[in-house]
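**Q** I am attaching a structure below and will ask some questions about it afterwards.
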Amino acid sequence: MRRNYSNLMIVGAIFVFVVGCMCPAGRNSGTSTPEPSPSPSSSQTKGSPANDTKTSPNKDEGDFKVEHGSVSNAKYTELAKQIKDEKLLENAAAQLNKALALPEDITLKAEECGEANAFYDPNAVEISMCYELMEHLYLTFRNSGMPDQKAYDKMFAATRFIFLHEVGHALIDQYKLPIMGNEEDAADRCSAFINLEELGQQGVEAVFAGADAFRLQSKSQTKTKGDLADEHLLDEQRFYNSMCMIYGSNSPKYQNIVTEGYLPKARAERCEQEYQKTTDSWANLLKPWRKA
């Protein structure tokens, strides 16, 4: 991984979607899904705990905590050091703790995993974001023909989508939430819900970037029985579901998703209702655990 890649990772702050709008904004390129012009963020600034006027009816017996994993591959050393020195995970945990009550501690980790992955471990109660996955996302976008800066920006946004997907798994597990269907799809929709409802334009860019990653990855894959049997939906399906969520959140604004052929009209006709059901479901499920 080239040095300027590590430097931009540091400047972008991997987990700042929780802290504020500090990560690079996505810009359109000829090889990626079309994105709308920036609009004012719909997210609201959370108050300090002392100013919260509403607390969760459930007992708050845990916190999001941070653990920094060891690094053996030298190309990730600078990235790991800067994440620790800048307290990026600590800031993310602090903001999550302001928003949600927890029945027990959940650990946030950025670490070297030996594979391009991100996961929630219910036994260890940990969310891990792997440096290898961040590198994979950058290379996926870069190899599609995007210039370096665009690929970096897209990688940051896609990482935000994936992180919130893993947060979805953690909340499903910790809150014992009822999921009537595929949990991986539910976690994708949790990420879309938080991004589109609470994070404004940067959240929209995160869902677009996640969709773009699914679309590009699908082009280089040969499907096997293992892929078809996997609990994750196929990348093509995750792409269309993500586009449906964006379109359903504001169909007049994102009409280009349909007119430019990124979402079939037959599916688009149902997306507003599909989006409303998704947001209503997640809002109701999380309501008992919200602090403010």
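The values are calculated or read from the model by the stated rules, or taken from the named source; none is laboratory data. Bear in mind that the values here come from a model prediction, so they are computed numbers and not experimental data. Here the Cβ is made from the backbone with ideal geometry for all residues, glycine too, and neighbour counts use every protein chain on show.
**Q** Condition (residue is β-branched (V, I, T), under 30 Å from K59 (Cβ atoms), buried (at least 17 other Cβ atoms within 10 Å of the Cβ) and at pLDDT 85 or above) applied to the stretch 196-212: is it met by at least one residue?
**A** Looking through the stretch 196-212, none of the residues is β-branched (V, I, T), under 30 Å from K59 (Cβ atoms), buried (at least 17 other Cβ atoms within 10 Å of the Cβ) and at pLDDT 85 or above.
**Q** Looking at the stretch 238-270, which of its residues are part of a loop (DSSP other than H, G, I, E, B), among the hydroxyl-bearing types (S, T, Y) and out of contact with any Asp or Glu (no Cβ under 8 Å at 6 or more places or on another chain)?
**A** If the condition is that a residue be part of a loop (DSSP other than H, G, I, E, B), among the hydroxyl-bearing types (S, T, Y) and out of contact with any Asp or Glu (no Cβ under 8 Å at 6 or more places or on another chain), then Y254, Y262 are the ones that fit.
**Q** Got at least one residue in the stretch 172-182 being part of a helix (DSSP H, G or I), surrounded by fewer than 24 Cβ atoms within 10 Å (Cβ to Cβ) and not β-branched (V, I, T)?
**A** yes
**Q** State all residues of the stretch 145-171 that are of a type in the set (S, T, Y) and either farther than 22 Å from E236 by Cα or surrounded by fewer than 20 Cβ atoms within 10 Å (Cβ to Cβ) (or both); if no residue qualifies, say none.
**A** If the condition is that a residue be of a type in the set (S, T, Y) and either farther than 22 Å from E236 by Cα or surrounded by fewer than 20 Cβ atoms within 10 Å (Cβ to Cβ) (or both), then Y152 is the only one that fits.
**Q** Is it fair to say K81 is surrounded by fewer than 16 Cβ atoms within 10 Å (Cβ to Cβ) and free of Cβ contacts under 8 Å to residues at least 12 places away in the same chain?
**A** yes
**Q** Next question, about the same structure. Would you point out which residue out of E104, E115, E35 is out of contact with any Pro (no Cβ under 6 Å at 6 or more places or on another chain), closer than 25 Å to L216 by Cα, modelled with pLDDT of 90 or more and assigned to a loop (DSSP other than H, G, I, E, B)?
**A** E115
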